[in-house]
Amino acid sequence: MARKLLRLESVSRKFGGLDALRNVTYAVPEGVIQAIIGPNGAGKTTLFNCVSGVFPPTSGSIYFDGVRIDGLPSHKIAALGVSRTFQNVALFKNMSVLENVMLGRHRQSRAGFLACGFRLPSMKREEQEIIRRAREYLDFVGLVDEENKPAGSLPLGKQKILEIARALATEPRLLLLDEPAGGLNTAETEQLGDLIRRIKKTLGVTVLLVEHDMNLVMECSDLVVVLHFGTVLASGTPSEVKNNEKVIEVYLGSAAN
Amino acid sequence: MRKKDRIVFLFFSLFVGLFPLVVASIKAVSHYIDVMIFAGIFSLVSIGLCLLMGYAGQISLAQAAFMGIGAYCSGILTTHYGWPSSLALMVGLVVTGVVAYGVGVPSLKLKGHYLAMATLGFGMIVHIVLNEEVELTGGPSGLVGISGLGIGNFQISSPFAWYYLVWGCVATVMLFSLNLVRSRIGRAFLAIHADERAAQAMGVDVSNYKVKVFVLSALLASFAGSLYAHYVEFLNPGSFGLMWSIKFVLMVMVGGIQNLWGAVIGTVFLTFLSNEWLHFLADFEVLIYGLILLVIAMFIPQGLVTVVATKLLKKGLRDGA
């Protein structure tokens, strides 16, 4: 088995009296597409938020590539190479499509207040580089023709794709996608599946995917973990999980039959 | 700088450069030079506030207080201690920077109304200190006998010299700010404005940038305050109270909250209103400001200058096609 890129050790998160995550111990190998499934309220988004530093876990520890990251602010976790999208699209609607992706290049650029305010040659060169790289990512996801549109004017499907491009622009090693297919039609979901596979294959990024669309999950992911009431119910390849009795009982059963 | 900004900057330079020459030749309005000097000083404050409010999305009701700290540093150091004015100005900047950092770090953790309240509270504290520390500040009766501004052996004395000095500073600050908002830092500001959580997840150190832009806006206010002290040669706490902080917010809003040119135009407009056109209303002029704020907030929240500029641009495109 490949080395573990992300490791959770008995991670718990409480919200008041609610245990959103209970002693979750799990590891994600590098270079896979790992899906997290589970009924609503199973703790999938909470897990994302703990990993990306939106809030720390109540107890337990999280390691990214051997470095302990639980409790770090999210910009520091981002700097280590973790990027994400949000369940309810969180684009910067006051900026253009291109500028959104350019913002993703923030931590790859250095120019400070003086360099930017006086447009020093170093800053201009860097800015050209930011634009060039941002266009590459727009090209990669297929949005290059829309670069000057306001981000908020895109249809939902394209907004979700743009959010992925912005996350990729940070050059992550681990990409967390929170329900990327939510609200997409069948054709859009298929394209999304292609994109996710290309992210792994072409860019070599490990993908952690929270998703309700079972077709997408089964087609694209290498590994699946099932969360149920904040605990790991089962994990394995898609077919292993599909045939796991406990899983069928609590989750797939009602949906599949 | 974008092409559009370059053209606007050219017009701005022409207008600002020629304004005193034209106005000085007409006796009835020759004192407009004086009004424009004030407008320029206030523009430095509102450009900083525009970066803070319009771009980074953080409100401050303490800009007049920061201006006051700069002004009183200049005033006190030159009168009581006989310091040269340029050195006093720099000390003012350092003091304001340190104070703004100290206020900014805790209060910028707050959002919206709570941030407004915190900065308002700080502004009131400064106002009270200026009033009560009579030995240093002269208290409510003011600080008199502040020297003019000198740079080395060169004294700025004539209105023309003041005018071109102040508006030269405005032009420089304007260029700096225009460049800043069209850079990775400007994009970070806008990202923080739109969605802090997403900005942070994309690697932007949100609280660091918030504090930095807050300090930058305070430094500009402090610089303006020092210019004000040396130009007027008299200081009174009333010039740095809450009403003035609100006026600065209004100046930015009238022009267009996310429009740096709008901030300057709004400032000039409101300075002429308060120093000239509404003078006859005395205390009731506040009513007019309230009315303006109401109309802007209800009907043209993007600001006058933004609306007019968009209309002109659309017309230009139609005519050109």
Legend entry - Single condition A:Thr202 does not satisfy, out of (1) more than 20 Å from A:Ser83 (Cβ to Cβ); (2) hydroxyl-bearing (Ser, Thr, Tyr); (3) surrounded by fewer than 17 Cβ atoms within 10 Å (Cβ to Cβ): (1)
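What do you reckon, is B:Val126 of a type in the set (Val, Ile, Thr) and either surrounded by 13 or more Cβ atoms within 10 Å (Cβ to Cβ) or more than 28 Å from B:Leu61 (Cα to Cα) (or both)? Please lay out each step first, then the result.
Values: of a type in the set (Val, Ile, Thr): yes; either surrounded by 13 or more Cβ atoms within 10 Å (Cβ to Cβ) or more than 28 Å from B:Leu61 (Cα to Cα) (or both): yes.
Criteria met by B:Val126.
For (1) touching a Phe, Trp or Tyr at 6+ places or on another chain (Cβ under 9 Å); (2) of a type in the set (Ser, Thr, Tyr), each residue gets a yes or a no:
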position: B:Leu227; (1), (2): yes, no
position: B:Phe234; (1), (2): no, no
position: B:Thr267; (1), (2): yes, yes
position: B:Leu270; (1), (2): yes, no
Inset, instruction - Give A:Phe113, A:Phe140 a once-over and let me know the one that is at pLDDT below 95 and either of a type in the set (Lys, Arg) or over 17 Å from A:Ala90 (Cβ atoms) (or both). - result: A:Phe113
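Run down A:Val97, A:Val51 and say which single residue is within 12 Å of chain B (Cβ to nearest Cβ) and buried (at least 21 other Cβ atoms within 10 Å of the Cβ). Please lay out each step first, then the result.
Values: A:Val97 fails: within 12 Å of chain B (Cβ to nearest Cβ).
When all the criteria are applied, what remains is A:Val51.
Which one is surrounded by the most Cβ atoms within 10 Å (Cβ to Cβ), of the residues in segment A:116-137 that are closer than 22 Å to A:Lys93 by Cα and within 10 Å of chain B (Cβ to nearest Cβ)?
Here is the first cut: in segment A:116-137, the residues closer than 22 Å to A:Lys93 by Cα are A:127, A:130-137.
Still in the running and within 10 Å of chain B (Cβ to nearest Cβ): A:127, A:130.
On the way: A:Glu127: 19, A:Ile130: 25.
Within segment A:116-137, the match that is surrounded by the most Cβ atoms within 10 Å (Cβ to Cβ) is A:Ile130.
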Inset, instruction - Kindly list the number of the only condition in (1) within 14 Å of another protein chain (Cβ to nearest Cβ); (2) polar (S, T, N, Q); (3) in a helix (DSSP H, G or I) that fails for A:Thr46. - result: (1)
Legend entry - Count - residues of segment B:26-61 that are part of a loop (DSSP other than H, G, I, E, B) and touching a residue at least 60 places away in the same chain (Cβ under 8 Å): 6
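Is at least one residue of segment A:211-226 assigned by TED's automatic domain parsing to the domain that holds A:Glu30, under 13 Å from the mean Cα position of the chain (by Cα) and surrounded by 23 or more Cβ atoms within 10 Å (Cβ to Cβ)? Walk me through how you get there before you give the answer.
Start the filter on segment A:211-226 by keeping residues that are assigned by TED's automatic domain parsing to the domain that holds A:Glu30, which leaves A:211-226.
Subsequent filtering for residues that are under 13 Å from the mean Cα position of the chain (by Cα) retains A:211.
Then keep just the ones that are surrounded by 23 or more Cβ atoms within 10 Å (Cβ to Cβ); that gives A:211.
Yes, segment A:211-226 has at least one match.
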Inset, instruction - Quick one: which residue in A:Leu168, A:Leu175, A:Leu143 is of a type in the set (A, V, I, L, M, F, W, C), more than 13 Å from chain B (Cβ to nearest Cβ) and touching a residue at least 24 places away in the same chain (Cβ under 8 Å)? - result: A:Leu143
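Out of the residues in segment B:295-319 that are among the small types (Gly, Ala, Ser) and at pLDDT 80 or above, state the one that is nearest to B:Val252 (Cα to Cα). It would help to see each step written out before you state the result.
Initially, segment B:295-319 is screened for residues among the small types (Gly, Ala, Ser), giving B:297, B:303, B:309, B:316.
Imposing the further condition that a residue be at pLDDT 80 or above reduces the set to B:297, B:303, B:309.
Working: B:Ala297: 12, B:Gly303: 8, B:Ala309: 16 Å.
So the residue we want is B:Gly303.
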Inset, instruction - Considering every residue within segment B:141-158, establish whether at least one is over 17 Å from B:Ser85 (Cα atoms) and away from every other protein chain (no Cβ under 14 Å). - result: yes
Inset, instruction - Check B:Gly148 against each of (1) within 25 Å of A:His106 (Cβ to Cβ); (2) in contact with a Ser or Thr (Cβ under 9 Å, 6 or more places away or on another chain) and name the one condition it does not meet. - result: (1)
Inset, instruction - Kindly list the number of the only condition in (1) at the interface with chain B (Cβ under 8 Å from one of its Cβ atoms); (2) surrounded by fewer than 16 Cβ atoms within 10 Å (Cβ to Cβ) that fails for A:Arg105. - result: (2)
Inset, instruction - Look at B:Val264 and say whether it is modelled with pLDDT of 85 or more and either farther than 23 Å from B:Leu61 by Cβ or surrounded by 15 or more Cβ atoms within 10 Å (Cβ to Cβ) (or both). - result: yes
Legend entry - Selection status of B:Ser217, polar (S, T, N, Q) and modelled with pLDDT of 95 or more: yes
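Which one of B:Ala229, B:Ala191, B:Ala224, B:Ala218 is within 8 Å of another protein chain (Cβ to nearest Cβ) and either buried (at least 24 other Cβ atoms within 10 Å of the Cβ) or in contact with a His (Cβ under 7 Å, 6 or more places away or on another chain) (or both)? It would help to see each step written out before you state the result.
Values: B:Ala229 fails: within 8 Å of another protein chain (Cβ to nearest Cβ); B:Ala224 fails: within 8 Å of another protein chain (Cβ to nearest Cβ); B:Ala218 fails: within 8 Å of another protein chain (Cβ to nearest Cβ).
The conditions single out B:Ala191.
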Inset, instruction - Any residue in segment B:192-212 that's under 15 Å from A:Pro73 (Cα atoms) and in contact (Cβ under 8 Å) with a residue 12 or more places away in the chain: show its pairings with residues that are basic (Lys, Arg) and outside any helix (DSSP H, G or I) at Cβ separation under 8 Å, as long as the two are six or more apart or on different chains. - result: B:Ser207/B:Lys109
Inset, instruction - Please give the number of the condition B:Thr172 fails out of (1) without any contact (Cβ under 8 Å) to a residue 60 or more places away in the chain; (2) away from chain A (no Cβ under 11 Å); (3) closer than 24 Å to B:Ser74 by Cβ. - result: (2)
Inset, instruction - Sort out which residues of segment B:248-257 are assigned to a helix (DSSP H, G or I) and either free of Cβ contacts under 8 Å to residues at least 12 places away in the same chain or buried (at least 23 other Cβ atoms within 10 Å of the Cβ) (or both), and write them in order of number. - result: B:Phe248, B:Met251, B:Val252, B:Met253, B:Val254, B:Gly255
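Where residues in segment A:1-32 are hydrophobic (A, V, I, L, M, F, W, C) and outside any strand (DSSP E or B), which of them is modelled with the highest pLDDT?
Initial filter on segment A:1-32 (hydrophobic (A, V, I, L, M, F, W, C)): A:1-2, A:5-6, A:8, A:11, A:15, A:18, A:20-21, A:24, A:27-28, A:32.
Retained after the next criterion (residues that are outside any strand (DSSP E or B)): A:1-2, A:32.
Working: A:Met1: 52, A:Ala2: 67, A:Val32: 95.
For segment A:1-32, the residue satisfying everything is A:Val32.
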Legend entry - segment A:54-87, subset assigned to a helix (DSSP H, G or I) and within 14 Å of A:Leu6 (Cα to Cα), residue farthest from the other protein chains (Cβ to nearest Cβ): A:Leu80
Inset, instruction - Would you check if B:Gly225 is in a loop (DSSP other than H, G, I, E, B) and not basic (Lys, Arg)? - result: no
Legend entry - Failed item, numbered, when A:Gly236 is tested on (1) free of Cβ contacts under 8 Å to residues at least 40 places away in the same chain; (2) of a type in the set (Gly, Ala, Ser); (3) buried (at least 18 other Cβ atoms within 10 Å of the Cβ); (4) closer than 30 Å to A:Ser12 by Cβ: (3)
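Let's see how each residue does on (1) outside the structural domain of A:Gly43 (by TED's automatic domain parsing); (2) closer than 23 Å to B:Asn208 by Cβ; (3) among the aromatic types (Phe, Trp, Tyr):
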| position | (1), (2), (3) |
| --- | --- |
| A:Cys116 | yes, yes, no |
| A:Leu120 | yes, yes, no |
| A:Arg125 | yes, no, no |
| A:Leu138 | yes, no, no |
| A:Val144 | yes, no, no |
| A:Leu154 | yes, no, no |
| A:Leu176 | no, no, no |
| A:Pro180 | no, no, no |
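The values are calculated or read from the model by the stated rules, or taken from the named source; none is laboratory data. Please read these numbers as outputs of a predicted model, since none were measured by experiment. As a convention, Cβ positions derive from the backbone with ideal geometry for all residues, glycine included, and neighbour counts pool all protein chains shown.
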